[in-house]
Every structure is written in C-alpha cells, then in structure tokens.
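Working notes, structure below.
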Amino acid sequence: MKKFKGLIVTLLIGTSLISLSGCTSKEDKLINALAKTNTLHSFNYKANANVKTNGETALNTKTPNEFSLEFNGKTVKKDKSLIKSETNIKLGTAGISTDFDLIQQISLGKNKSDFKILIKVPQMLKTELGSMLQNTDYIYVDSNGLKKLQELEKAKNLDSKPSTSIDTDKFAANAANIEKSLFLFIKEYTKKDGKGLIKYTGKNSVSINGVDENLETYRVKINNEDLKKLLKAYVKDEKRVTELQDYLTALSPEWSKENKKINSEDLNKKIDKMKNIFGKDGLVMDFAIKDGYIVQEKISADIITETDSITFSINYDIFNINKNVEINFPNKEDVKYVDLVDMISMSNGKLDSSVPAGF
C-alpha cells in the first residue's frame with residue numbers, strides 16, 4: 001500500500017500542474033492556456049507556500065508546526081534545450097527565517113540532460129559550519145557531482161543493504177511520458193466521467209504581483225470520492241499502468257525488486273481499500289488567465305496521514321512574460337565556492353574520525 005501512494009502522488013501532481021479541460025468553449029480555454037504557457041521564453045515569478053502540520057506529541061497533545069517559503073525569481077528558456085533561472089528563496093519556521101539566492105542552468109539533450117547550480121551561502125549556514133565555509137560565497141553542484149554523491153553512498157553501504165542510484169536521464173524521459181499521458185487522459189476524462197470537475201468562475205479581480213486585474217478564472221475541486229473515481233479511470237488503460245511502473249522504477253530503482261508487475265485489476269482493488277487522503281476541504285485549485293497564458297495558480301489542500309494532518313497553500317504568479325531577460329551563469333572558477341561533494345566528504349570524514357574505534 002505504501003508504494004501505491006506513488007500512483008496517487010503522480011496523479012495529484014500531474015493534475016495540479018496540467019490543469020483540467022472541459023467540454024465547453026470557456027473551459028477549453030484553460031487547456032489552450034496551458035499549452036501556450038509551456039511555450040514561454042521568459043518570465044518573472046513570485047510564489048509563496050505555507051504548510052502547517054498537527055501531530056501527536058509524547059504527551060498526546062496536538063502541537064502545530066508551521067513553516068513558510070517565498071520564491072522570487074526569473075526564468076529564461078532558449079531553443080527548448082537551455083533553461084536558466086535565478087531565484088531568491090526565503091524560509092521561515094519557529095520564529096527563525098533565512099534566505100539565499102540560487103542560480104541554475106539546465107541543458108536538455110535528446111538522450112541526456114545536465115544541470116549545474118550555484119547556491120549563495122546564507123550567513124546562518126556559515127555560522128553553523130564555521131571553517132568549512134570560510135572565505136566561501138557559493139555551494140556548487142552539477143550532474144557529475146550528483147553521480148559522485150551516489151557513488152559515495154554506494155561505497156558507504158557496501159556492508160549493508162545495497163543502495164541504487166537514480167538514472168536521472170531515464171527518470172526525465174519517463175516523467176515526460178507520464179506528463180503527455182496525463183494531459184491526454186485528463187482532457188478525455190473531464191469530457192466524459194469527470195464532467196463538472198472543473199468550473200468556469202467568470203471574470204474576477206485578481207492581483208498579479210500586486211497589480212489588480214480583471215481576469216477569467218477557473219476552479220477545480222477534488223474530494224476523496226472524486227480522487228478514487230479519477231484513479232480508477234486512469235488505471236483502466238494498461239499502457240498508462242506500464243508507463244507508471246517505468247516511472248516509479250526510475251524514481252526508485254528498488255521498486256522493480258520489491259514489487260511484482262502492477263496491473264489494472266490489482267490497482268483497482270487497492271483503490272477500493274484506500275483510506276481517505278483529504279480532509280473536509282479536499283484539494284482546491286484556482287487559475288487565472290491573461291492574454292491566453294495562465295498567470296496565477298492557487299492551490300490549497302487538507303491532507304490526512306496516519307499520524308497527523310497537513311494543510312498547505314501555494315500561490316504562484318507569473319508576470320513580465322516574454323520580456324528581454326538576461327541570466328548569466330557565472331563560471332565557477334570566477335567565484336568563491338565549495339563543491340557540495342567535497343563538503344559532504346569533509347563532513348563524513350569529520351564524523352567518522354570523531355567516532356571511537358569499535359562503534
């Protein structure tokens with residue numbers, strides 16, 4: 001049942017990112033806006049997320065835990081093969097807040113993708129790690145470094161259960177297949193079994209980056225009953241089930257070793273036995289469209305787990321669409337940096353040397 005949650009998460013993420021289509025001309029605008037938004041060459045974005053969990057403590061009392069995230073940044077896409085972004089990220093929890101800047105570049109090839117990231121070291125981290133980050137402004141990581149980290153993890157676990165690394169290229173290819181499949185499925189589903197799942201909510205005043213505008217808006221709501229109906233419709237097609245298995249195997253290589261081949265019949269049985277995931281508010285997604293683009297998404301959910309409940313909300317604005325935006329990824333040699341692989345190696349070395357022999 002744990003692994004089955006992969007199907008639920010995949011569909012929920014896909015639904016929230018892909019949006020939904022309907023059978024009327026008004027609702028079809030949402031699908032057209034999604035396709036058009038995916039062709040953006042450049043844009044600025046602003047997002048904030050709030051998460052609150054309520055879990056049982058040792059004294060069996062409810063203790064709320066909250067944290068917030070804010071993102072402010074810009075993205076440039078060139079020739080469908082190069083994506084650059086700059087983002088300032090702010091994190092707040094338990095009365096403590098910190099922020100840092102992140103620059104990333106992703107190169108998309110036919111059979112291979114590469115990335116490199118520079119993270120501006122926040123002062124709080126410098127204080128915590130001391131000499132390790134002395135005279136350092138950035139932490140650097142790239143595709144090759146990620147592979148090295150996976151090799152280090154393998155070497156570290158030679159005497160225990162062997163770990164398996166994620167093939168990032170294969171994972172990206174499978175994720176792309178899932179996205180295409182989900183898009184077609186949702187489009188078909190909402191014209192047949194899922195009628196009424198999406199609502200055109202008319203023209204409303206919407207604030208995009210602090211500017212109020214009158215825009216066409218849409219709302220999607222999913223409760224526990226809707227979710228089960230959606231899942232059952234999805235697993236009717238064995239091709240989609242196979243794509244899902246390939247995706248989960250790429251995400252977690254242990255999947256194929258721990259699980260037999262999944263099929264529609266088995267998944268339907270698990271869906272019938274599935275416990276409720278949403279609380280009374282369920283999953284709610286609101287969208288706003290301007291000039292044929294989705295310029296705002298608001299997502300909120302009330303999630304129930306075995307030990308606690310989680311409520312979260314995400315607001316995401318897109319603006320300055322297709323303006324002249326330049327992002328220059330610095331040569332790592334021109335900045336003061338430490339490689340993430342070296343940081344982790346040094347940390348492990350210090351930890352190992354501090355543990356007495358025989359432990």
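Key figures for this structure:
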{"quantity": "Cross-chain or 6+ apart pairs with Cβ under 9 Å, the stretch 56-84 first and of a type in the set (Asp, Glu) and open to solvent by 70 Å² or more (accessible area, probe 1.4 Å), then assigned to a loop (DSSP other than H, G, I, E, B) and modelled with pLDDT under 95", "calculated": "Glu56/Thr307; Glu66/Ala94"}
{"quantity": "All positions within the stretch 205-225 that are out of contact with any Asp or Glu (no Cβ under 8 Å at 6 or more places or on another chain) and open to solvent by 60 Å² or more (accessible area, probe 1.4 Å)", "calculated": "Gly210, Val211, Asp212, Asn214, Lys221, Asn223, Glu225"}
{"quantity": "Pairs where the first residue, in the stretch 274-301, is in contact (Cβ under 8 Å) with a residue 40 or more places away in the chain and the second is assigned to a strand (DSSP E or B) and of a type in the set (S, T, N, Q), C-beta under 6 Å, 6+ apart", "calculated": "Val284/Ser300; Ala288/Thr217; Ala288/Gln296"}
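The rows are residues; the columns are (1) open to solvent by less than 50 Å² (accessible area, probe 1.4 Å); (2) under 26 Å from Leu215 (Cβ atoms); (3) among the hydroxyl-bearing types (Ser, Thr, Tyr).
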{"position": "Glu265", "(1), (2), (3)": "no, no, no"}
{"position": "Asn268", "(1), (2), (3)": "yes, no, no"}
{"position": "Asp272", "(1), (2), (3)": "no, no, no"}
{"position": "Lys280", "(1), (2), (3)": "no, no, no"}
{"position": "Asp302", "(1), (2), (3)": "yes, no, no"}
{"position": "Asn315", "(1), (2), (3)": "no, yes, no"}
{"position": "Pro330", "(1), (2), (3)": "yes, no, no"}
{"position": "Val335", "(1), (2), (3)": "yes, no, no"}
{"position": "Asp339", "(1), (2), (3)": "yes, no, no"}
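The values are calculated or read from the model by the stated rules, or taken from the named source; none is laboratory data. Remember, it's a predicted structure, so these values are computed and weren't measured experimentally. Cβ: placed from backbone, ideal geometry, glycine included. Neighbour counts: every protein chain shown. All accessible areas refer to the heavy atoms of the entire protein, side chains included, with ligands and DNA or RNA removed. Shrake-Rupley method; radii C 1.70, N 1.55, O 1.52, S 1.80 Å.
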